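Structure first, then comments.
The values are calculated or read from the model by the stated rules, or taken from the named source; none is laboratory data. Just so you know, these numbers come straight off a predicted model, no measurement behind them. When we count neighbours, we look across all protein chains shown, and the Cβ atoms used for this are built from the backbone with ideal geometry, even at glycine.
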Amino acid sequence: MASIFGFSSRDPARDRQTDLSRFNRLAKLFDQIAAEIAAEKTGLENRYRSKSTNAAFLVEAMENGSASASRSSEVSELTTSILNCEQRIAALARQNSLMRDLRHSLDALVEENGPQGSTAEAEFVKRTGVGPA
């Protein structure tokens, strides 16, 4: 668009495409980070269950006299590890919630930033699997 003052602006459709390209990169980044968080949380939960089981069996063995009381330091180490796992799992849950909130905000921004049903928006939905419901 040309102006009488010599200033020209870009076509709004081109701006929309640029924005959607940027939003698409953000969506992919949020998805990648969310997948990393989920993978770490899953692995940590598996180790947590294993350590909890080991600690329970060790305490039971000590109570039954089939394990020496000298193994109490091992119980203490397992307890510390279990507590650390619980704290990390909680932190990962908060991070996952943040990623969901950011992704939801991005999806809302795509919906309100331009004409509904545009070809570029349809492309965003196709690439990222999100968009207006």
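Restricting the first member to the range 67-84 and to residues that are exposed (fewer than 12 other Cβ atoms within 10 Å of the Cβ), and the second to residues that are of a type outside the set (Gly, Ala, Ser) and in a helix (DSSP H, G or I), the beta-carbon pairs closer than 9 Å and six or more apart or on different chains are SER68/MET62; ALA69/MET62.
Inside the range 3-37, residues that are within 22 Å of ALA90 (Cβ to Cβ) and surrounded by 14 or more Cβ atoms within 10 Å (Cβ to Cβ) make up a count of 4. Here THR128 fulfils each of the conditions (1) at pLDDT 90 or above; (2) surrounded by 12 or more Cβ atoms within 10 Å (Cβ to Cβ); (3) not hydrophobic (A, V, I, L, M, F, W, C) apart from (1).
With respect to LYS51, is the statement that it is at pLDDT 95 or above, surrounded by 10 or more Cβ atoms within 10 Å (Cβ to Cβ), part of a helix (DSSP H, G or I) and of a type in the set (D, E, K, R) true? Spelling it out, it is not the case that LYS51 is at pLDDT 95 or above, surrounded by 10 or more Cβ atoms within 10 Å (Cβ to Cβ), part of a helix (DSSP H, G or I) and of a type in the set (D, E, K, R).
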